[in-house]
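In what follows, a single structure is set out as structure tokens and then discussed.
The values are calculated or read from the model by the stated rules, or taken from the named source; none is laboratory data. Being a predicted model, the structure only gives us computed values, none of them experimental. Note that we place each Cβ from the backbone using ideal geometry, even for glycine, and neighbour counts take in every protein chain shown.
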């Protein structure tokens, strides 16, 4: 499908060509999304910024994410995870304020 992230970004940027020169802001989520966002922004002559998040991993399988928390404390929990995991399990992985 894609040779690498740069190839993916170039194909995505071509599909987003209508946003060139429209004060577009391209957001990337590190790690891989940062590189992709860079190439998309460069192609579109757009600004780029990063959204810093922390992955929420399943108990016993932390590499598999069920959601994410942003630096402002907002979070996303996948619909499937909210059906499978208890509220206590989900809350255990939330950052403490």
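Of the residues making up segment 5-21, those that are surrounded by 10 or more Cβ atoms within 10 Å (Cβ to Cβ) and assigned to a loop (DSSP other than H, G, I, E, B) are 16, 20. Restricting attention to segment 38-77, the residues that are part of a loop (DSSP other than H, G, I, E, B) and under 17 Å from the mean Cα position of the chain (by Cα) add up to 6.
Taking the conditions (1) surrounded by 11 or more Cβ atoms within 10 Å (Cβ to Cβ); (2) free of Cβ contacts under 8 Å to residues at least 24 places away in the same chain in turn, residue 74 satisfies each one other than (1). Every condition in (1) at pLDDT below 95; (2) touching a helix residue (DSSP H, G or I) at 6+ places or on another chain (Cβ under 6 Å); (3) closer than 25 Å to residue 71 by Cβ is met by residue 2 except one, and the failing one is (3).
Exactly one residue among 67, 32, 28, 57 is closer than 21 Å to residue 4 by Cα, without any contact (Cβ under 8 Å) to a residue 60 or more places away in the chain and surrounded by 14 or more Cβ atoms within 10 Å (Cβ to Cβ), and that residue is 28.
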